[in-house]
1. Only residues that are surrounded by 13 or more Cβ atoms within 10 Å (Cβ to Cβ) and in contact (Cβ under 8 Å) with a residue 12 or more places away in the chain: list them for region 118-135, please.
2. Looking only at region 18-39, filter to residues that are without any contact (Cβ under 8 Å) to a residue 60 or more places away in the chain and surrounded by fewer than 16 Cβ atoms within 10 Å (Cβ to Cβ); which one of those is nearest to ALA121 (Cα to Cα)?
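All of the numbers you see were taken from the coordinates with simple rules; none came from a lab. Bear in mind the structure is a predicted one, so any value in this text is a computation, not a measurement. Neighbour counts are summed over all protein chains in view; Cβ atoms, including those assigned to glycine, are modelled from backbone coordinates with ideal geometry.
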Amino acid sequence: MDAIVAVYDDWGIGCEGDQPIALSADRKFFRRYTAGSTVIVGRKTVGSFPGQAPLPKRRNIVLTRQDIDLPGFERASSPEEAAAMCAGDEKVFVIGGGTVYRQMLPLCDRAIITKVHTTTACDTYFPNLDESPQWELAETLESGEENGIPYEMCVYVKK
């Protein structure tokens, strides 16, 4: 299982339920990288999806303790249940938000991090893998610049 996320230089990922600065290169990378996979997402993040619809061409699992029905989503009530539901799936990505990342990261072997080299106001953060003794940077997949903002897509692996 992998986590996939875009972070700013301070490892911020969002503010008030939204991504303050979204790069089209990162969105395209995300769509390409996760196509055909299973994604695990939190209920609050589903609320930020257009029409609260599941992501197309993916199996969508929502991690929530609430007894709610979200059309197009399978519901898991715990990280362990979510992991068990997709145990046989070839590609599984944890896609947010902040609480789901914190709950699921211990179950992940890799983290695909788009580093957006700027800072902006954030109230939600991803754990700083550069400072974690459990993770190491394995490779940089892509890098570039968009609207004057440099970025790089990095792969971290659990030691």
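1. Answer for region 118-135, where residues must be surrounded by 13 or more Cβ atoms within 10 Å (Cβ to Cβ) and in contact (Cβ under 8 Å) with a residue 12 or more places away in the chain: THR118, THR119, THR120, CYS122, THR124, TYR125, PHE126, PRO127, LEU129, TRP135.
2. ASP18
The rows are residues; the columns are (1) under 11 Å from ILE40 (Cβ atoms); (2) of a type in the set (D, E, K, R); (3) surrounded by fewer than 14 Cβ atoms within 10 Å (Cβ to Cβ).
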residue	(1), (2), (3)
LEU70	no, no, no
ALA83	yes, no, no
GLY88	no, no, yes
GLY98	no, no, no
ARG110	no, yes, no
THR140	no, no, yes
PRO150	no, no, yes
MET153	no, no, no
VAL157	no, no, no
